[in-house]
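Throughout, read-outs are computed from the coordinates displayed, never taken from laboratory work. Bear in mind the structure is a predicted one, so any value in this text is a computation, not a measurement. Quick reminder, even Gly has a Cβ in these numbers, built from the backbone with ideal geometry, and neighbours come from all protein chains shown.
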Amino acid sequence: MSLNLGGNRIVVVGQGYVGLPLAMAAHGAGHNVVGIDTDERRVKQIQSGISPVSDVDSSVLASALEGGRYSIQSDYETLAGFASAIITVPTPLKDGKPNLQFIESAAASLSPHITPGSLIVLESTTYPGTTEELLVPILESGGNLVAGIDFHVGYSPERIDPGNTEWNLLNTPKITSGINGASASAVAELYTGFGIAVVPLSGTREAELTKLLENTFRHVNIALVNELAMFSSQLGVNIWEAIDAASTKPFGFMKFLPGPGVGGHCLPVDPSYLSWSIKEKAGASFRFVELANTVNSFMPNFVVEKIQDLLEEQGSALKGSKILLGGLSYKARTGDTRESPALVIAELLESQGADVYALDDYVTDYDWPTFIHHHELHSNDYDAGIVITPHDESVSATLVERCKVVLDTRNVVVAPNVRSL
Ligand SMILES: NC(=O)c1ccc[n+]([C@@H]2O[C@H](COP(=O)([O-])OP(=O)(O)OC[C@H]3O[C@@H](n4cnc5c(N)ncnc54)[C@H](O)[C@@H]3O)[C@@H](O)[C@H]2O)c1
């Protein structure tokens with residue numbers, strides 16, 4: 001079986017943080033690209049040339065739309081004869097368990113449009129076995145074609161780091177795999193054609209585990225420094241200085257920094273896919289993940305306790321105070337508020353009677369929670385501020401200027417009214 005190049009038409013299912021940059025990369029490599037997204041609102045926004053994700057510039061999107069080689073739609077009706085389809089739909093948790101309904105529905109919708117030689121690649125983060133045990137049977141259900149014989153199937157996890165100005169989709173090596181040798185070659189060929197260096201693995205399970213290992217490694221190491229940060233004042237040490245010093249060792253140490261908690265689609269979710277899978281297949285607890293979840297999810301409470309202490313030192317209390325949050329998104333230079341610790345902190349503060357304000361130019365009104373007020377430009381009477389997302393220096397500078405006391409959870413600012421985590 002050879003690869004169906006059906007007009008080089010590449011379908012990217014899901015046009016979010018992962019799918020839209022990927023669609024632009026495929027377009028940039030000269031392919032005809034169809035983006036599919038079931039969220040009509042997102043489709044309309046993209047059709048109007050406004051990028052919903054910070055890693056894709058609106059001008060790049062608009063010129064791809066104008067050139068006619070990229071389009072986006074919400075239905076699967078016109079896909080017959082596609083060459084390759086890449087699935088980048090969400091893989092959230094539901095009641096602490098993997099929720100694969102988006103992969104299932106995307107696969108069921110693609111299935112009737114598969115033709116001999118088609119290639120289907122799953123990119124969504126998931127537990128080992130998903131591609132072969134869940135995806136393949138659904139893809140085969142729409143006709144008489146057999147995966148691995150009539151069409152190719154593979155797994156290639158996305159590694160993008162939104163907001164990272166050094167490492168992006170095109171210069172980060174990509175793990176590739178397939179359900180057999182021919183599928184593995186087809187997947188590697190697809191991404192090589194986008195100009196991405198590939199790291200081919202022997203099977204899809206290894207590729208699925210690689211992604212979970214990468215994110216669990218981060219989660220556990222962040223938990224290590226977060227737990228240390230919670231004890232550093234009792235120990236009377238500056239943890240930030242110790243971490244910087246340890247980082248001067250050229251081998252055997254990797255720098256991770258404490259913070260207000262972990263957020264986004266990955267760290268609060270992916271490690272639980274791994275621990276769930278281990279529980280299912282081995283009947284055992286994956287204790288590292290459970291401990292890391294406990295430590296990292298406690299950080300917003302620790303931040304609020306710290307703010308309470310700082311307010312008490314000044315003779316005031318949380319109830320009735322005005323608190324300004326510096327940043328709402330979960331990481332610098334993105335507007336992504338999913339699972340952001342800032343939102344948990346805001347809820348905790350609000351539930352204890354504080355009036356919560358925030359300053360974050362990256363977060364759109366659509367994602368801005370209604371109970372959080374926008375920073376008042378001319379106000380200088382905040383009781384306390386919290387540096388949460390280190391977008392740029394101007395955010396922390398505003399907090400230093402406008403708040404009586406500032407808790408810096410990122411160690412980015414030094415001033416007489418600033419205390420670090
Ligand atoms: N955001 C990241 O930094 C990142 C990095 C690496 C991997 N991932 C993984 O990539 C996957 C996608 O994440 P994301 O951040 O791009 O999510 P996202 O929510 O930004 O985008 C996913 C899109 O898929 C659409 N969708 C859902 N079901 C669909 C269907 N059946 N057909 C068509 N479209 C559908 C949604 O409407 C949404 O717009 C997840 O598994 C995630 O864990 C994310």
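Brief remarks on what is shown
- Counting every alpha-carbon pair across segment 114-239, the share separated by more than 18 Å comes to 60%.
- Summed over all non-identical Cα pairs, the Kirkwood treatment of segment 36-169 gives a radius of 16.4 Å.
- Integer Hz, Karplus 6.51/-1.76/1.60 couplings in order for segment 279-288, x for Gly and Pro: 4, 5, 8, 10, x, 10, 8, 9, 5, 4
- Using the Cβ of residue 329 as centre and a radius below 11 Å, the other residues enclosed give a net charge of -2, where K and R count +1 and D and E count -1.
- The three principal axes of the Cα atoms in segment 201-311 give end-to-end lengths of 52, 35, 24 Å, sorted in falling order.
- For the chain, the spread of Cα positions along each principal axis, largest first, Å: 75, 48, 40
- Members of 255/306; 94/211; 211/322; 174/331 lying beyond 31 Å, as alpha-carbon distances in this model show: 211/322
- Peptides 322-328, 32-38 ordered by average Cβ neighbours within 10 Å, highest first: 322-328, 32-38
- Rg/Rh for segment 14-71, where both radii come from Cα atoms and Rh is the Kirkwood radius: 0.90
- Reachable aspartates and glutamates, given that their alpha-carbon falls under 18 Å from the alpha-carbon of residue 249 and they are not under 8 places away in the same chain: 241
- For the chain, the 222 nm mean residue ellipticity estimated from helices alone, with every DSSP H stretch of n ≥ 4 adding -39500 (n - 2.57) and the total spread over all residues, rounds to -12000 deg cm²/dmol.
- Neighbour counting of Cβ atoms within 10 Å sorts the residues 310, 291, 267, fewest neighbours leading, into 291, 310, 267.
- Separation between Cα centres of segment 297-324 and segment 107-147, rounded to whole Å: 50 Å
- Longest site-free stretch - the chain; sites: GluC sites (Glu not before Pro), DSSP loop, at most 12 other Cβ within 10 Å: 167-421
- Each residue in 194, 231 was given a count of other beta-carbon atoms within 10 angstrom of its own, and listing them fewest first yields 231, 194.
- Under Karplus coefficients 6.51, -1.76 and 1.60, residue-wise ³J(HN,Hα) of segment 198-207 in Hz, glycine/proline x: 10, 10, x, 10, 6, x, 5, 5, 5, 5
- Dimensionless Rg/Rh of segment 84-125 - Kirkwood Rh, Rg from C-alpha atoms: 1.05
- Computed on the Cα trace of segment 1-106, the radius of gyration divided by the Kirkwood hydrodynamic radius gives Rg/Rh = 0.99.
- Table column - 3J(HN,Hα) (Hz), segment 407-415, Karplus curve with 6.51, -1.76, 1.60, x for Gly and Pro: 9, 9, 7, 10, 6, 10, 9, 10, 6
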